[in-house]
Each structure stands twice: as structure tokens, then as C-alpha cells.
Amino acid sequence: MCGIIGYVGGREAVPILIKGLEHLEYRGYDSAGIACLSPDCSGFFVCKEQGKIGELKARLNGVPTQANSGIGHTRWATHGAPSKTNAHPHLGQNGRVAVVHNGIIENYAELKSELKRKGCCFKSDTDTEVAAHLIESYYHGDLGGAMRRAAARIQGFFAFVAMAKAEPNRVCALKRSNPLVVGVGKGENFVASDVSALLPYTNKVMYLEDDEFVELTRECVNVSRLKDGKPVRKQIATVSWKAEEASKGDFPHFMLKEIFEQPAVLRRTLQTYVKKTGGIAFDTLDRKVKDHVKRTGKIFVVSCGTAYHAGLVGRYLFEAYARVPTEAHVSSEFRYSDPIISKNDTAVFITQSGETADTLAALREAKRKGARTLAIVNVAGSTIAREADAVVYTLAGPEIGVASTKAYLGQLLTLALFALYVGGLRKRLSQSAIRGFTREASKLPDKVREILGTSESVDSAAGALFTKGNFLFLGRGYNFPNALEGALKLKEISYAHAHGYAAGEMKHGPIALIDETQPVVCLVPKGTKTYTKMLSNMEEILARRGIIISIATKGDRAVQRLSRHVFWIPDTLEIFSPILTAVPLQLFAYKIATLNHRDVDQPRNLAKSVTVE
Ligand code: M6R
């Protein structure tokens, strides 16, 4: 989704804007641009390019701007094709105002006709250009006033950052629904779509709420209410993430680096939520929340994409260990299904970014219906983290690759610990049983490390299969969601078609696909309730000469006999098995994608943080 950066200070603005945009690249984009102002008010210097930020940098190479303020944007097309003309920033009719935008202006057609009647000429097909003309039409020397008036006319959801030619030392921004974070520096200030763009410069941030307006100068950050200009006192938060965490280091891709960071993510999660005694504690939850969860009648787990797969595992966990009836939903369906929720229910929202529009809308719907809401979120200070009644953080650190990997493992372990904790609160599990689980959980970081160290079998299977255009993934029980996840991972980064299925359902349809050309990835860890059933399903595939690739527990001869390729994992308890089976699936997808020369970190058409519904 679009990424925004704004800067005002004493340094050369262009390199700061470009670096900020590079840190926003992971959000997904098709074009990029900047506009900046030099102190002599001679007018905006605008540079935009279709394609990667590298193209924009190449065009800017050697161009002296001497600007100390500016705005920049990476665009993910909604209205109008990806092109240089449609790239942001957009200028008003007389070039007095420049605007970048993330979101959608729903009444743009009506506003455009009105502005055309008043003589505005449009250069692009974007909804954003409407905002640029509108703000400029209200501009009489006060950018803030013009933006407020324009915002009152705009329907939809948005984050705008704008500058006026006559006010070179001022950057203004406002938001409704889409995220904006202010970075507070010394003699300089920033605004951006998320903290990763600010990390190279400052870790002091202010999260803007909906319908807030901010004015930045070199020395000041003034936040006020959009509707009436009333000042708002904001807290300055300190971000714990480091800039280095958001860089690739020696790895060829962020995705691979993030897969290898997983042992550390699991270790951090255990250190945070498991006490020295082996018990589990969620200290961020207050007594009211704990009491509610203890008595809750039902749990709804709501999320999108990979986080939805974690939610499906969560459903099994809450039912098995906390004995609470639980439903798992895709956020975009939940919101429109008029869900039957009572005040006694708990709605759990899982999200890496904390900004996914569908999940945010679902959260608001659940709150409207009176449920107690709890968010399991990776990005601190994100909108969902702020709006939920309670938050449990996953401790994955910044995840930049579009394909979610370390955030997923963080979600799986956090959910497992949380379900056991709720089981303890509800007296469904004894503390000694919980200690048994955490003893096994403490071995997971090393077990994941072991899988990462023995990935030759993944390489050879990928080498044999990377030209295949169609894969089937099968699993049962706790590993059924991972069949969906393995298929999602493969299709999103390699563009091969892949389908995840509950293995028991194979005979009800997908078995028709099986012949000697069909690769079928079977998740079959030992010691699960459905292990022997999985073996039978594999026999059925072999009988039809399908190519079986299995993920199995070390030394499992029965599985080896049935499989063309085996990815071995260490033994663990069934509830933790998805944490181990996910890892070879990630490596397999990564390897197939790189053999096909795909853009692994920024696959086509995808965005890291999906801020439109
Ligand atoms: O930030 P979120 O966890 O809410 O994102 C949800 C999905 O958009 C995300 O998991 C997506 O499916 C990833 N590309 C999967 O790898």
C-alpha cells in the first residue's frame, strides 16, 4: 500500500526522503516520487518515476535542490494505472500546493466535476489530484486551514501530507483511518506511514489518531483536532526496534533473514511470557480483562492471510486447552456477516502490521456489538493495538518481507501460550500441566535452528520441482492450517498455483488431480491424533502415482517409504508441531521462488500492509 514521508529540518531533504521511501518499499508499490521546496520559495522541485525507487534515484542523481523540506510517496495503484503521471506528489492547479496521499477518496468523481467546472485541469487519473486541487482552491496563505476545509469535503479514508510553496518550512498532515506517525527529532521533524521510515533518524514518535491534524516545523510539532483546531496533547513514545533490524544484513532477501531470525523470536516470546517457575504470565492484561476471559462464553478469532492461518490454529488451541467454544473468521467476511456476538464474548484479532483495513473494520464491528476485544499484534502503537481493549504483543521485530514468516511463528507460539494461560485461568489445566507444556516449548528455538541447519532436502526437492505450476498441500488437525499456509507462501512469492486442503477432504474432490505429474506436500508429524489417517491418505496418493513431499518427524521410516522427498523435523508435542512444520514450508516456497527468479521480498501486486478493504 502507499507509503508516505514528510521532512522539515536543517538537512538536505532529498536523501532523507529517498531513504525514508526505501524503508517503506516493503509495503508494496509501483511508482515513487518526491516534491521539495528550497528556502527561496521558487516553487516545488518535483521528481517522479514509475517502477522502483532506484529509477527515481537515478533521475535525481546530481540534481542540486538545496531543499530543507519535502514530501515523498510510494504508490500502490488504486485509481489510475501505475504510471509516472499518476505517481504522487500531485500539485494544485497553480503549483502552490503539493500533496501525497494514502487511502481512497470515495466522492472523488463528484469533487472532480465541481473542480473542473471551476477551471481546474487534471493531469492524472488519480483521486489524489482532486485533493491537491481542492486544498489549493481553499488556500489563502494558511495550509492548515485549507487542508481542514478540504478534509471536511472528502469522504473515504486517507492520510494526507502536504506543503505550500509560500510556506517552505512547514509540513502539514492529517489522517482518517490510514496510519501516520510523527518522528520527533532535534531541529528537525518527520511524518511517515510507519515507524520503519523514521528509524534511521529518530526513535521518538507520536502516533496520530483519526481526525487529527499535525503541523511540523523545524522546532515544533503541533497536533490539533481536525474539526475545530483544538490542540491535542500527545505522548511521545520510544520505539524499541533498531534501524539495523530493518535491514537485510548479509542475506540476499529479507524473507530469508526473517526465516533465520525465528529461533530468536521464539526465545524472546518465551522469555517474555513464561516465568522462571515454568508458569505463564501476560502482564499487559489488567484484572478486568483476565476476569472477562475467565468467564467468556465464546471466542471469535479474526484475521487475514497468514494471520488467519494462525487464527485457525488458535481455534483448535482455545477449544482443546481452555475449553471455550471458538470460531475462526477471515476479517473481510466477519465484518459483513452480521456476527452474533454478546457482551460475554471475546474477540481476538491477530495481525502483524496492526493496520490491516479488514481486520480493523472487524475490530470496530465487534466493539460496536459489545464484545471485549483483544489484539495479538506485532507493531507497537499500530491502530489495532491502540483501538483494542487489550493487547498481547508478538515479539517478531520488524518484518519487512511481504511474505509473513517470523511474525507467523511468533503468532503461533503466543497463541499456544495464551490458550494454555486461559486454560489455567479457567481451571481446565493444572499449573503442573502448564509447566509440562512450557518445558517442551523452551526447546522450540533449538529445534527450529536444527531445521534451518539441515535444509539440503528442501533444496533438492525445490530443484526437482521448481518448474511445476500446480501444488497440493495436505494436513490434518493442528497442521491443516499449515497446509493452507504452505500453499499461500508458495503462491504469493513463486506465482505457482497451490492449494491447501484438509487431507481427509482429498477423497471428496482433489484426488481427481492426482497423477504422476502432481506434487503433493503432506504434513505428517508423528505423535498427532491423525497420524495414521495421514499415512492412509498418502497411500491413496501413491496408488495414483502422485509425487509425495513430506514433512515428517526424524527417523519416521513409514513416511519415508511413501515419499519422494522428506523434510525432517524434530519431535515435539502436537500443539507445537505447526511451529516446526511451518519452517520447511517457508524454505520450500523461498527456494522455488528464487529458482524462478521472483522478486521474493516484493511479489507482484502485493502489499505488506493492506490498508484498503
Ligand atoms: O498485517 P497482517 O498480519 O494483518 O496481514 C495479514 C495479511 O495481509 C498477511 O498475512 C498476508 O497474507 C501475507 N502476505 C502473507 O504472507
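Key figures
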| quantity | calculated |
| --- | --- |
| √(5λ) per eigenvalue of the Cα gyration tensor, segment 1-129, largest first, Å | 24, 18, 12 |
| Among Tyr207, Pro82, Cys36 - extreme Cα towards positive end, dipole of the chain, charges at beta-carbon | Tyr207 |
| Percentage of interatomic Cα-Cα distances in segment 124-192 larger than 20 Å | 31 percent |
| Size of segment 3-245 as Cα extents on the principal axes (Å, biggest first) | 49, 43, 34 |
| Anisotropy class of segment 318-382 from Cα gyration tensor, a/c 1.5 cut | oblate |
| P(r) tail fraction, segment 451-599 - alpha-carbon pairs more than 24 Å apart, % | 21 percent |
| Where labels lie 7 Å past Cα in the beta-carbon direction, separation of Asp228 and Lys123 in nm | 4.0 nm |
| DSSP-assigned coil residues among chymotrypsin sites (Phe, Trp or Tyr not before Pro) in segment 114-176, each with at most 15 further Cβ atoms within 10 Å | Phe122 |
| Using distinct alpha-carbon pairs, which all enter the 1/r mean, Kirkwood radius of segment 185-340 in Å | 20.1 Å |
| Unit charges on C-beta of K, R, D, E only; dipole of the chain, Debye | 1440 debye |
| Compactness relative to 2.2 N^0.38 Å, alpha carbon Rg of the chain | 1.01 |
| Per-selection Kirkwood Rh - segment 255-442 (Cα, Å, 1 d.p.) | 16.3 Å |
| Mean separation of Cα contacts under 8 Å, 6 or more apart, over the residue count of the chain: relative contact order % | 12 percent |
| Most positive-pole-ward Cα, Ser550, Ala487, Met534, against dipole of segment 451-599 from beta carbon charges | Met534 |
| Cubic angstrom per residue, convex hull over Cα atoms of segment 426-481 | 116 Å³ |
| Amide N proximity, segment 306-342 versus Ala433 label position 7 Å along Cα-to-Cβ, cut-off under 11 Å | 320-323 |
| For segment 361-490: span of alpha carbons on each principal axis (Å, largest first) | 52, 40, 28 |
| The chain - mean residue ellipticity at 222 nm from DSSP helices (-39,500 (n - 2.57) per run, n ≥ 4, rounded to 500) | -10500 deg cm²/dmol |
| Debye equation applied to the C-alpha atoms of segment 396-436, log10 I(q)/I(0) at 0.14, 0.15, 0.20 Å⁻¹ | -0.43, -0.47, -0.63 |
| Residues listed by number, segment 107-136, amide nitrogen under 16 Å from Ala152 label point at 7 Å toward C-beta | 134-136 |
| Share, in percent, of DSSP beta bridges within the chain that are antiparallel, nearest 5 | 60 percent |
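Where a number appears in this text, it was derived from the coordinates with a stated rule and is not lab data. Remember, predicted model here, so these are calculated numbers, not experimental data. Cβ atoms come from the backbone with ideal geometry, glycine included; neighbour counts cover every protein chain shown.
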